[in-house]
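Presented below is the structure to which this report refers.
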Amino acid sequence: MTFTKTILITGVSSGFGRALAQEALAAGHRVIGTVRNREAQQAFEALDTSRAFGRLLDVTDVARIDGVVAETEATVGPVDILVNNAGYGHEGIMEESSLEEMRRQFDVNVFGAVAMIKAVLPGMRQRRRGHIINITSMGSFITMPGISYYCGSKFALEGISETLSKELAPFNIHVTAVAPGSFRTDWAGRSMVRSARSIADYDALFDPIRQARQEKSGKQPGDPVKAARAILAITQSETPPTHLLLGSDALSLVREKLAALGKEIEQWEKITRSTDG
């Protein structure tokens, strides 16, 4: 049986956030969606005039988060499910990418998500129920040249999610890190921030990767609507997963990574064991 829930989703203007909000509204839930401008707020609230509540919030504006969440819970109701969806991808060879770009990537993808969690947790803990869903990426398990800052941010969020799931288990609060593969969102298109090229040594390695990513944008195998339905399905479970991969590409690539890691651990086991005693 599906119970009506209040779901807070960050970044509902496009991509996963928009798809999830629409599917949740269609299923009868109340959805609070964060957006970054008034026009996007009006467009979101027009999806359902009685159950879609837009809130102006940039997740990097951490000083405002507590107030926005408190006001929303007072007017709309307690948050049952938080979905940390707001995020973007930074692409660039590490040596060519500024530390400022790295800080911005972590501010949005990690610090913003953690600040949102901190804002909803006291209420969830008091009520002894809740579900926190952090949208990570298959890039929180696998890596490829040119997205070191992005993968770093998603590895961080994955680790925080898993640890948090253990801290919150006694309070009946679930935490799930959802790691999508390649989906037809704006991630590799207008949402991606790309550092300028400056070192010719990296051309042979990276130019084909950048070109292929741009060419595949919009043609990825994953369907955001089906991803949204999968995420809603886990919110109905009494024992949701701590980690959930989405997409057959994520499944095969992560399995390959885990197999390679196991092989490497075995290969160096003697050195590993040599440090005891």
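The values are calculated or read from the model by the stated rules, or taken from the named source; none is laboratory data. As the structure is a prediction and not an experimental result, all values here were calculated from the model. We place every Cβ from the backbone using ideal geometry, glycine too, and count neighbours over all the protein chains shown.
Values for this structure:
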{"item": "Positions within the stretch 21-38 being closer than 23 Å to residue 70 by Cα and either among the hydrophobic types (A, V, I, L, M, F, W, C) or without any contact (Cβ under 8 Å) to a residue 12 or more places away in the chain (or both), in sequence order", "result": "21, 24, 25, 31, 32, 35"}
{"item": "Selection within the stretch 145-183 - over 20 Å from residue 240 (Cβ atoms) and in contact with a helix residue (DSSP H, G or I) (Cβ under 7 Å, 6 or more places away or on another chain)", "result": "145, 146, 147, 148, 149, 150, 151, 153, 155, 156, 182, 183"}
{"item": "Residue 112 vs. criteria among the small types (Gly, Ala, Ser) and assigned to a helix (DSSP H, G or I)", "result": "yes"}
{"item": "Hey, residue 129 basic (Lys, Arg), modelled with pLDDT of 95 or more, closer than 17 Å to residue 5 by Cβ and more than 18 Å from the chain's Cα centre (by Cα) or not", "result": "yes"}
{"item": "Residues of the stretch 87-121 that turn out to be small (Gly, Ala, Ser), buried (at least 16 other Cβ atoms within 10 Å of the Cβ) and more than 19 Å from residue 164 (Cα to Cα), as a count", "result": "4"}
{"item": "Qualifying residue in the stretch 28-49 (condition: loosely packed, with under 15 Cβ neighbours inside 10 Å, in contact with a helix residue (DSSP H, G or I) (Cβ under 9 Å, 6 or more places away or on another chain) and either modelled with pLDDT of 95 or more or of a type outside the set (Asp, Glu) (or both))", "result": "no"}
{"item": "Selected residue (only one of 198, 191 is among the hydroxyl-bearing types (Ser, Thr, Tyr), more than 15 Å from the chain's Cα centre (by Cα) and either within 23 Å of residue 133 (Cα to Cα) or part of a loop (DSSP other than H, G, I, E, B) (or both))", "result": "198"}
